[in-house]
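Participant: This structure is in structure tokens; I'll ask about it shortly.
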């Protein structure tokens, strides 16, 4: 359908399904209700008899004037020129782009985060969906730690003050917690609606493209994804995360590709090292799985955390999707204290459990390691990633090799000697 701005008469084309939705004029910025051109102000069921009578009089008058003009040998007067109102772009211009309602809502959330305003931020969080999201995360965390989550009062069962306290706590966690890196010193300059399921009771997925406010750092642009839904007619946020574009994935992996280096350490060990750098998630890892993995890793490296063995087992069951964020954790924890070395060792053991690969990393010199072997052990993981990750399908089930199960086994011919040597080499490499 064609709609027309009641303020500046600019026209735009929208799908018929958007009739009745609020749109913003791309020319003058006025917000109005989308109706087919010529139908604004019309109300259903109203008696239009007077309008029809007036219209009939106008038509008869026009015919009489035309006949009189023809009687004088003159043709009918030319029709008035059609207005040439500017037509806005297709629905993307009004409904999906930078000035769309969804992107404006995400931009406002980002602004309140940057301004560290928990009160106004909490007012733009979707109550029931945010409550459900954090309730599920809490239940998963409690279960992973060996406990049983107590039944939670449903959102509708909470009184007004309880709802306000909950949303205020979430807003403060967004501002002061790990989510801070999503917005701190990052400013949105482009955005769009990636998905729109409002028509079937869902919500919007909005992606904002951000640039760092400190241009001297030379940091590449990044993206943040917001999930929005309506509450009392207002679009509010309930889920947020870092979104890695396909271009970012390609760029980051190209930076590390082909950088492997073969080295001989001072103790004679021969190793293969790679460039230490953050590694993004694979594109096919769902947002829900990313949130689950991020939570597990955060609890794994928490100095006051417990149940690390259970967390390592859960990461091992997840398998390949957990490798990239674990590698990123190796790249972002500095090796400058015993606590950090312990955290790095837990990440190292988790990666070892998933891949079966072993490096020279150890948490402390008391375990027979050196600073050189510690640093090289981290680089060896990135050497493995650059060589093996793409073809990695998952660690095969550990089965004892029959050639190694018998300590008295003696090869009888050249073929058995080769197979025994191959099995020993495989054991040294960690499977």
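Participant: Quick check on segment 299-319: of everything there that is in a loop (DSSP other than H, G, I, E, B) and in contact (Cβ under 8 Å) with a residue 60 or more places away in the chain, which residue is farthest from residue 355 (Cα to Cα)? Give the steps one after another, and end with the answer.
Facilitator: Filtering segment 299-319 down to residues in a loop (DSSP other than H, G, I, E, B) leaves 301-307, 319.
Of the ones still in play, those that are also in contact (Cβ under 8 Å) with a residue 60 or more places away in the chain are 306-307, 319.
On the way: 306: 23, 307: 21, 319: 8 Å.
For segment 299-319, the residue satisfying everything is 306.
Participant: Now, a different point. What is the one condition in (1) in contact (Cβ under 8 Å) with a residue 24 or more places away in the chain; (2) closer than 29 Å to residue 95 by Cβ that residue 178 does not satisfy?
Facilitator: Of everything listed in (1) in contact (Cβ under 8 Å) with a residue 24 or more places away in the chain; (2) closer than 29 Å to residue 95 by Cβ, residue 178 misses just condition (2).
Participant: Taking segment 1-36 as the region of interest, how many residues are in a loop (DSSP other than H, G, I, E, B) and at pLDDT 70 or above?
Facilitator: Just the residues of segment 1-36 that are in a loop (DSSP other than H, G, I, E, B), to begin with: 1, 5-10, 14-15, 19-21, 25-30, 34-36.
From what's left, at pLDDT 70 or above: 1, 5-10, 14-15, 19-21, 25, 30, 34-36.
So the count comes out to 17.
Participant: State whether one or more residues within segment 322-333 are touching a residue at least 60 places away in the same chain (Cβ under 8 Å), more than 25 Å from residue 244 (Cα to Cα) and out of contact with any strand residue (DSSP E or B) (no Cβ under 6 Å at 6 or more places or on another chain).
Facilitator: no
Participant: Working only within segment 213-233, note down all residues that are closer than 17 Å to residue 131 by Cβ and either surrounded by fewer than 18 Cβ atoms within 10 Å (Cβ to Cβ) or not assigned by TED's automatic domain parsing to the domain that holds residue 124 (or both). Write out each step before concluding.
Facilitator: Within segment 213-233, the subset closer than 17 Å to residue 131 by Cβ is 227-232.
Selection gives 230, 231, 232.
Okay, residues lined up against (1) surrounded by fewer than 22 Cβ atoms within 10 Å (Cβ to Cβ); (2) closer than 19 Å to residue 372 by Cα; (3) within 27 Å of the chain's Cα centre (by Cα):
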site: 309; (1), (2), (3): yes, no, no
site: 316; (1), (2), (3): yes, no, yes
site: 320; (1), (2), (3): yes, no, yes
site: 336; (1), (2), (3): yes, yes, no
site: 339; (1), (2), (3): yes, yes, no
site: 347; (1), (2), (3): no, yes, yes
site: 355; (1), (2), (3): no, no, yes
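Participant: Does segment 133-155 contain any residue that is at pLDDT 90 or above and touching a strand residue (DSSP E or B) at 6+ places or on another chain (Cβ under 7 Å)?
Facilitator: Checked against the condition, which is being at pLDDT 90 or above and touching a strand residue (DSSP E or B) at 6+ places or on another chain (Cβ under 7 Å), segment 133-155 yields no hits at all.
Participant: Another question, if that's okay. Having 2 or more residues that are touching a helix residue (DSSP H, G or I) at 6+ places or on another chain (Cβ under 8 Å), over 19 Å from residue 273 (Cα atoms) and at pLDDT below 70 is the bar; report the helices (runs of 4 or more DSSP H) wholly within segment 362-431 that clear it. Spell out the reasoning first.
Facilitator: Details: elements: 371-388, 402-405, 414-428.
Hits in segment 362-431: 402-405, 414-428.
Participant: Taking residue 319 as the residue in question, decide whether it is in the same structural domain as residue 375 (by TED's automatic domain parsing), on the phi > 0 side of the Ramachandran plot and at pLDDT 90 or above.
Facilitator: Details: in the same structural domain as residue 375 (by TED's automatic domain parsing): yes; on the phi > 0 side of the Ramachandran plot: yes; at pLDDT 90 or above: yes.
Here the answer is yes, as residue 319 does meet what is asked.
Participant: When the residues of segment 263-284 are filtered to those that are touching a residue at least 40 places away in the same chain (Cβ under 8 Å) and in contact with a strand residue (DSSP E or B) (Cβ under 8 Å, 6 or more places away or on another chain), which remaining residue is nearest to residue 243 (Cα to Cα)?
Facilitator: Let us first name the residues in segment 263-284 that are touching a residue at least 40 places away in the same chain (Cβ under 8 Å), namely 263, 265-267, 269, 271-282.
If we keep only those that are in contact with a strand residue (DSSP E or B) (Cβ under 8 Å, 6 or more places away or on another chain) as well, we get 263, 265, 271-274.
Details: 263: 36, 265: 39, 271: 34, 272: 31, 273: 29, 274: 25 Å.
So the residue we want is 274.
The values are calculated or read from the model by the stated rules, or taken from the named source; none is laboratory data. Not measured: the values here are computed from a predicted model. All Cβ positions, glycine included, derive from the backbone under ideal geometry; neighbour counts span all protein chains shown.
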